[in-house]
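The values are calculated or read from the model by the stated rules, or taken from the named source; none is laboratory data. Everything numeric here is computed off the predicted structure, so don't read it as measured data. So basically every Cβ, Gly included, is an ideal-geometry build from the backbone, and we count neighbours across all protein chains shown. For the accessible areas, the whole protein counts, side chains as well, though only heavy atoms, and no ligand, DNA or RNA atoms are used. Shrake-Rupley method; radii C 1.70, N 1.55, O 1.52, S 1.80 Å.
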Amino acid sequence: MVDLSNPFIEIRTINKERFCMIKTYAKEHEATVNDIMLTAYIRVLFQLFGKCVTIPCTVALRKYLPNHKGESFCNLCTNLTCNIGEETGKTFEETLYKVKQVMNKQKSDIACVKSIVMLEKVFDIFPYKIARGIVEKKFVNPPIAFTNIGVIDKKKFAFGNIEIIEAYMTGSIKYNPYFQLAVSTFDNVATLSVNLYGNQSDKNKVNIFLDRFINELQVIVY
């Protein structure tokens, strides 16, 4: 039974200097920042569970729209799936190579939009109640997920003469055993966040995860 009286958010920040080093490392290895984050994620989960875990990675569908913008508030996202097989490789670089191969292949087609097309057809064909039942059976939330919310545009913050020095967005709050790592960037500072309903034991586990995640990134920023 989930205790809804104990929501919490745990965050870690990656300062400008280290985040710039991560971006440089990604560029040198022909990878994206997302690839770097997924690599660290997979390696930490392997440390904790002793096996590679498949990680769905949220991708925005706005790039398929005219001007890359939606006209109203809606989710406009689906998932790419990062499954590198049963072995991570010994080094961060070896894991990154596997992640790049998987993600580049997934990005090369538009298979990720099929679920959205299916949703539209289901709700067009069936009455709402039946369509909702089909969706609830066929579309399930993955237990472990990753989302890069992206860059928060500093130029769009306007609070008179007040300068905004820190800002971040978190992902959705999860219920045990579901887990999501979210990343957002503001003024070249990256913020990692995990939101969860849970007890002190859950909070301790999240802190262990985040500390290990940061430690994995230390390998490439020194």
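The figures follow:
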read-out	value
Surrounding net charge for Asn204, when Lys and Arg each add one and Asp and Glu each subtract one, Cβ distance under 12 Å	-1
Gain in span if fully extended, Gln200 to Asn176, counting 0.36 nm per residue against the direct Cα distance	7.4 nm
Chain lengthening between Lys16 and Phe49 when straightened (0.36 nm per residue, less Cα-Cα)	8.7 nm
Candidate aspartates and glutamates for bridging to Lys98, where Cα separation is under 14 Å - those fewer than 8 sequence places away on the same chain excluded	Glu30, Asp35, Glu86, Glu87
Kyte-Doolittle mean at least -1.0 and Cα axial length at least 20 Å: DSSP H helices in the chain	33-49, 200-221
Neighbourhood charge, 12 Å Cβ-Cβ cut-off, centred on Phe92 and excluding it, Lys, Arg +1 and Asp, Glu -1	-1
With all protein chains modelled, accessible area of Glu136 [1.4 Å, Å²]	110 Å²
Among beta bridges that DSSP assigns inside the chain, antiparallel share in %, nearest 5	65 percent
1.4 Å probe accessible area per residue over the chain, in Å²	64 Å²
13 Å beta-carbon shell around Arg43, net charge (K/R +1, D/E -1)	-1
Share of carbon and sulfur in the accessible heavy-atom surface of the stretch 97-172 [1.4 Å probe, %]	60 percent
Length released on extending from Lys137 to Leu4, taking residue separation times 0.36 nm less the Cα-Cα span	45.4 nm
